[in-house]
Amino acid sequence: MRGHQLTRVAVWTMFWASLVGTAFTFALATPPTAEQRTKIRSAETLLTKAGNFYTNKKFTESAAAIDEAQKELIEVATGADKDLFKAIEPLVKRLKNAHALLEIEGVKVAPLALPSAEDAMRATPAKPAPGTKPVVGGKPIAGGKISYTKQVYPLLVAKCGRCHLDQSKGKFSFATFAMLEKGNDAGRVIIPGKGQGSRIFEVIESGDMPRGGSKVSGPELELLVKWIDEGALYDGANKMEKLASAGNAAAPEPAAMKLEVAKATGKETVSFSRDIAPVLVANCTGCHGATQPGGMLNLDAFDTLLKGGESGAPFKPGNPAESLLVRKLKGSAGKRMPLNKPALPNEVIAKFEKWIAEGGKFDAPISPGEKLDRLVAVVKAQAATHAELSKEREEHANRVWHTTFPDIQPETISTKNFFLIGIAGGEATMKDLGELAEKEGESVGKLLHANAEQPLVKGRITLFVLKNRVDLEEFFQVNEKKSPAPDSRGTWKYDVVEAYGVILPPAGKEYGVTPLLTQMIASNYVASLGKAPTWFAEGVGRAMAARAEPKDPRVQGFEARLSAALTQHRPDAIINGGINQEDLGAMSFGFVKTQMMSSTANFAALMNQLRQGQDFDQAVTKVYRASPLQLVNAWGGRRTK
């Protein structure tokens with residue numbers, strides 16, 4: 001790869017490490033207040049979110065998250081003592097790194113204006129007078145000694161046992177008193193003598209905990225705070241022992257609800273793919289993505305959404321009022337979501353409620369395991385007009401080019417059915433390629449009986465024109481995440497969002513550019529029909545290239561590869577897999593070429609079925625009176641006799 005690319009990858013890695021980091025801990029002589037802890041953790045969450053945005057090249061969103069993180073840290077630093085100011089220095093360094101990296105991308109970030117340690121200490125508010133008793137709900141906590149084993153432990157078991165006794169969610173457990181004292185990776189949850197300054201008070205008082213179970217009542221919280229104020233004393237025999245909880249705890253929580261994918265019927269008024277997924281991608285996946293998701297809730301895909309997080313199932317189908325997702329959006333279950341962003345409009349939350357009321361069903365054109373940002377892009381592309389999608393693909397092609405070849409200014413040409421970008425040796429040569437592409441596109445359309453009144457492919461096909469083998473290697477590595485085959489002179493891809501072909505024009509007469517263009521165009525056209533498998537689209541592209549120039553050296557290479565592949569693989573490997581891409585391409589070519597030559601009427605009927613949206617297997621069976629597997633095996637049997 002080019003040096004610039006390696007530098008860019010290194011920058012991304014450095015940014016990620018600088019923003020995600022490790023959890024902030026509070027091992028200070030004077031622990032921060034609950035408010036300071038909240039702001040510091042909010043800043044950490046925002047930094048993580050900024051890192052996710054940056055990695056996904058959403059630089060503007062990353063800068064916005066950085067700005068919010070700065071505001072939180074400025075408030076913490078103003079009035080901080082020396083120890084706390086020193087403790088937040090790692091976060092400040094991460095902010096500085098973020099500033100530097102975003103500047104590389106030309107993105108403006110608000111200046112980092114933290115007060116100095118001296119200024120911060122001068123602004124430190126006076127501490128409460130010694131001996132002042134903490135209060136809950138405005139009333140002094142009553143005196144008396146609290147027993148951990150007889151009063152506090154049974155309370156924790158009843159309210160928090162499902163997540164932090166039977167399991168160690170959030171890496172926190174109170175299975176033994178020693179584990180309770182230790183806390184989790186974020187630090188201690190109880191600070192002896194500081195009831196309201198303890199993390200456990202903060203999360204309970206805010207309503208964030210317990211999640212998925214019955215809430216802690218006011219008197220119960222007072223008891224817990226008083227026990228901590230008295231020194232969080234342990235009255236058992238051994239801090240390392242596990243206490244018996246039978247008879248002390250409330251009835252066990254019911255088993256967590258397990259959600260399954262429910263397919264939409266088409267009668268629903270709210271669509272997950274159109275109405276819900278875009279909101280989640282825009283507002284939630286920055287913090288609830290695949291990497292360190294907040295609350296262990298991963299919203300990257302529909303199936304991970306259904307798994308829920310630390311709080312259990314995200315929604316109850318048919319019951320929006322009791323669904324955690326809705327309660328979080330409304331702020332009635334602890335901190336309102338999305339965190340540190342404006343509340344979603346009431347009409348948007350109403351769509352979430354309606355979607356859940358209708359069963360929380362999945363209506364997307366891709367699998368539940370695909371990422372939601374991919375789903376949103378596919379749905380947007382499907383709904384776009386030809387002109388809108390053409391513009392999107394042109395802009396995307398420019399981004400791909402400048403990411404892959406940042407030091408090379410490309411030539412571009414737009415035609416009716418194609419957008420060409422690359423290096424062809426001058427504007428005139430690129431124009432000639434554009435005219436040739438249109439000519440071959442017209443031939444492909446006629447031979448495959450495409451509708452002449454419509455664009456060959458909605459949104460046009462992008463053609464990346466490369467200069468040499470080194471450029472081809474670079475394109476594959478950056479965009480395909482693999483190396484090209486030794487005899488490869490291009491590739492193609494169609495996935496609704498993208499439609500492109502990559503061509504490496506010959507330097508001499510070693511092969512022709514016409515069959516290369518024909519192959520990329522025909523494969524994209526067949527794939528754009530939506531129901532054809534990739535191997536079939538590849539076979540059609542190669543067969544059309546052979547039809548364009550049967551004596552082309554590359555085409556003759558397909559024939560040679562086919563003969564060798566049939567000695568190593570069963571014919572059904574075309575459908576069942578377990579075969580390398582070049583052998584698969586050669587065998588697909590041989591199968592499709594045979595079908596095109598044996599009966600042009602049947603092949604035309606098959607293409608017509610695909611244009612009408614028919615499933616490939618059903619279309620083949622209807623036209624040929626045999627399944628694709630039967631047809632492939634019959635072809636292979638004839639070839640090997």
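The values are calculated or read from the model by the stated rules, or taken from the named source; none is laboratory data. Just so you know, these numbers come straight off a predicted model, no measurement behind them. Counting neighbours? That spans all protein chains shown, and the Cβs are built from the backbone with ideal geometry, glycine included. To get the accessible areas, we keep the full protein, side chains included, count just its heavy atoms, and leave off ligands, DNA and RNA. Shrake-Rupley method; radii C 1.70, N 1.55, O 1.52, S 1.80 Å.
In region 335-347 there is no residue matching the filter, namely being farther than 21 Å from residue 282 by Cβ and either in a loop (DSSP other than H, G, I, E, B) or aromatic (Phe, Trp, Tyr) (or both). Would you call residue 293 within 17 Å of residue 369 (Cβ to Cβ) and either without any contact (Cβ under 8 Å) to a residue 12 or more places away in the chain or within 15 Å of the chain's Cα centre (by Cα) (or both)? Taking the combined requirement at face value, the residue satisfies it. Scanning region 492-503 for residues being open to solvent by less than 20 Å² (accessible area, probe 1.4 Å) and either closer than 15 Å to residue 432 by Cα or not hydrophobic (A, V, I, L, M, F, W, C) (or both) gives a total of 3. Of all the listed residues (308, 286), the sole one being of a type outside the set (D, E, K, R) and on the phi > 0 side of the Ramachandran plot is 308.
Consider region 530-553. How many of its residues are farther than 20 Å from residue 630 by Cα and open to solvent by less than 40 Å² (accessible area, probe 1.4 Å)? Write out each step before concluding.
First pass over region 530-553, keeping only residues farther than 20 Å from residue 630 by Cα: 530, 541-553.
Checking the rest, the ones that are also open to solvent by less than 40 Å² (accessible area, probe 1.4 Å) come to 541-546, 552.
Adding up the residues that qualify gives 7.
Output yes when any residue across region 451-472 is modelled with pLDDT of 95 or more, under 30 Å from residue 599 (Cα atoms), among the polar types (S, T, N, Q) and not in a helix (DSSP H, G or I), and no when none is. Among the residues of region 451-472, not one is modelled with pLDDT of 95 or more, under 30 Å from residue 599 (Cα atoms), among the polar types (S, T, N, Q) and not in a helix (DSSP H, G or I), which makes the answer no.
Once region 279-325 is narrowed to residues that are part of a loop (DSSP other than H, G, I, E, B) and hydroxyl-bearing (Ser, Thr, Tyr), the residue that is most open to solvent (accessible area, probe 1.4 Å) is 291.
Matching residues to (1) open to solvent by 60 Å² or more (accessible area, probe 1.4 Å); (2) among the polar types (S, T, N, Q); (3) farther than 25 Å from residue 292 by Cβ; (4) part of a loop (DSSP other than H, G, I, E, B):
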| site | (1), (2), (3), (4) |
| --- | --- |
| 156 | no, no, yes, no |
| 163 | no, no, no, no |
| 189 | no, no, no, yes |
| 196 | no, yes, yes, yes |
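Here residue 577 meets each of (1) surrounded by 20 or more Cβ atoms within 10 Å (Cβ to Cβ); (2) on the phi > 0 side of the Ramachandran plot with one exception, condition (1).
Take region 615-641 and flag every residue that is open to solvent by 60 Å² or more (accessible area, probe 1.4 Å) and within 15 Å of residue 576 (Cα to Cα).
Residues satisfying the conditions are 617, 629, 630, 633.
Within region 326-354, the set of residues being open to solvent by 50 Å² or more (accessible area, probe 1.4 Å), within 17 Å of residue 215 (Cα to Cα) and over 25 Å from the mean Cα position of the chain (by Cα) comprises 332 only. Scanning region 441-457 for residues that are surrounded by 17 or more Cβ atoms within 10 Å (Cβ to Cβ) and farther than 30 Å from residue 486 by Cα yields 445, 447, 448, 450, 455, 456. Scanning region 356-376 for residues that are assigned to a helix (DSSP H, G or I) and over 22 Å from the mean Cα position of the chain (by Cα) gives 356, 357. Within region 580-590, the only residue that satisfies the criterion of being of a type in the set (A, V, I, L, M, F, W, C) and either without any contact (Cβ under 8 Å) to a residue 12 or more places away in the chain or surrounded by fewer than 22 Cβ atoms within 10 Å (Cβ to Cβ) (or both) is 584.
Considering (1) open to solvent by less than 30 Å² (accessible area, probe 1.4 Å); (2) touching a residue at least 40 places away in the same chain (Cβ under 8 Å); (3) within 27 Å of residue 172 (Cβ to Cβ), the lone condition that residue 271 does not fulfil carries the number (3).
Out of curiosity, is residue 395 free of Cβ contacts under 8 Å to residues at least 12 places away in the same chain and out of contact with any Lys or Arg (no Cβ under 7 Å at 6 or more places or on another chain)? Against the criterion (free of Cβ contacts under 8 Å to residues at least 12 places away in the same chain and out of contact with any Lys or Arg (no Cβ under 7 Å at 6 or more places or on another chain)), residue 395 qualifies. Every listed requirement among (1) open to solvent by 30 Å² or more (accessible area, probe 1.4 Å); (2) hydrophobic (A, V, I, L, M, F, W, C); (3) closer than 30 Å to residue 609 by Cβ; (4) over 24 Å from the mean Cα position of the chain (by Cα) is met by residue 527 save one, (1). Say whether the condition of being more than 25 Å from residue 40 (Cα to Cα), modelled with pLDDT of 75 or more and open to solvent by 80 Å² or more (accessible area, probe 1.4 Å) is met by at least one residue in region 110-132. No; the residues of region 110-132 include none that is more than 25 Å from residue 40 (Cα to Cα), modelled with pLDDT of 75 or more and open to solvent by 80 Å² or more (accessible area, probe 1.4 Å). Any residue that is modelled with pLDDT of 90 or more, closer than 29 Å to residue 438 by Cβ and assigned to a loop (DSSP other than H, G, I, E, B) - is there at least one of those in region 580-596? For region 580-596, residues modelled with pLDDT of 90 or more, closer than 29 Å to residue 438 by Cβ and assigned to a loop (DSSP other than H, G, I, E, B): absent. So, residue 370, is that one of a type in the set (D, E, K, R) and either under 30 Å from residue 472 (Cβ atoms) or open to solvent by less than 20 Å² (accessible area, probe 1.4 Å) (or both) or not? In short, yes. Please work out which residue is nearest to the chain's Cα centre (by Cα), limiting yourself to region 383-433 and to residues that are surrounded by fewer than 15 Cβ atoms within 10 Å (Cβ to Cβ) and closer than 13 Å to residue 497 by Cβ. Within region 383-433, the match that is nearest to the chain's Cα centre (by Cα) is 399. Is there a residue being assigned to a helix (DSSP H, G or I) and closer than 24 Å to residue 618 by Cα anywhere in region 555-574? Checked against the condition, which is being assigned to a helix (DSSP H, G or I) and closer than 24 Å to residue 618 by Cα, region 555-574 yields at least one hit.
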